[in-house]
Amino acid sequence: MGFVVIIVGLILAVGIPAYGVWNILLRPQVTVEAAVPVRIVVPSGSDTKTIAEVLASKGVIENAAMFRLRARVDGIDSKLRPGEYDLITGMRYKNVVARLLSGPSLDYVTVTVPEGFTVVQIAERLEKQMGIPAVEFTDLAMKQAASFASGHPLLGGVSTGSLEGYLFPKTYRIAKGSTAREAIEMMLAQFDKELAQVDLSYAESKGLNTHEVVTIASMIEREARVPKERPIVSSVIYNRLSKNMRLEIDATIEYILPGTRPRLLNKHLKINSPYNSYMYGGLPPGPIASPGLASLESAAHPADTEYLYYVLTSTDGSHTFTKTLEEFLIAKEKSREVVP
């Protein structure tokens, strides 16, 4: 009882009205499910009340009144600094205060995530350029997809536990000091935005869900080197799936081998992995890289062809597409004269 009296006294000292007392002491607290990147601006000359309202309006904190109270108790009322901040929704009080006491994040790092990068490659780049531990990033991105699903409904169909394919390739401005989770949230938010532009109705008419479309897009990203060939590569995948043919796509095996684009040998085709599309039929369990918008659109809208095969036949990365195995073998033989 004494504790409550003290708290009420502090509340009244801060000047919080009666409804604020109810918000703090009696209203059931609502847990913020999603952690979404947000940018807020604290105007110069703002008092704690204004700052708390800005934070609450963006979902960074749950309760503006409670924030004001804790700021008064901690003696930081006049120490929170104005400026522009990159935060996330549902932050803990101590983390928000630490950011506002240290001042706005004026220092950003520009990080480019190329199309076709894997989670491992993204993690290595962020560690090198931002100091975010690759192990921490990889652990979150490869094993804890479910912890991001509440804020990103598109992850509902992910059964692998991995965010592979969902970290959108783009050039990002990331505030120094950002955590692995904050970087991942930024990339997932961009993925949501990009995929919203893609009409998935055709793919759905073929019985494919979003996760499968992203998986196809990732294979297109790794296989097609010439932009105009993306829809054609997509058509080969669709055509082979419709005929229950194994996809036999090299990129799926490259994904399970160490290193970047390793040279494939016959022994690699015998690796027992669900990602080995030479050994297993259908699509692999999930994406094998981060596809860009063009590949996502191609995965959703393949070209109308009867092609079942393709082979690299030019040093510029272009392929020859064929309808029959015989035509493919002829093209493959000719490619050896051009492509080492």
Residue match in region 256-265 (condition: touching a Ser or Thr at 6+ places or on another chain (Cβ under 6 Å) and not small (Gly, Ala, Ser)): yes
Odd one out for residue 130 among (1) of a type in the set (A, V, I, L, M); (2) at pLDDT below 95; (3) touching an Asp or Glu at 6+ places or on another chain (Cβ under 6 Å): (3)
Helices (runs of 4 or more DSSP H) wholly inside region 92-182 containing at least 2 residues that are more than 30 Å from residue 77 (Cβ to Cβ): 119-130, 134-143
Residue match in region 200-212 (condition: modelled with pLDDT of 95 or more and in contact with a His (Cβ under 7 Å, 6 or more places away or on another chain)): yes
Helices (runs of 4 or more DSSP H) within region 226-331 that include 3 or more residues over 23 Å from residue 124 (Cβ atoms), touching a helix residue (DSSP H, G or I) at 6+ places or on another chain (Cβ under 8 Å) and not β-branched (Val, Ile, Thr): 230-242, 293-300
When residues of region 83-128 are limited to those that are basic (Lys, Arg) and over 24 Å from residue 52 (Cα atoms), the one surrounded by the fewest Cβ atoms within 10 Å (Cβ to Cβ): 128
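The values are calculated or read from the model by the stated rules, or taken from the named source; none is laboratory data. Everything numeric in this text was worked out from a predicted model, so none of it was measured. Here the Cβ is made from the backbone with ideal geometry for all residues, glycine too, and neighbour counts use every protein chain on show.
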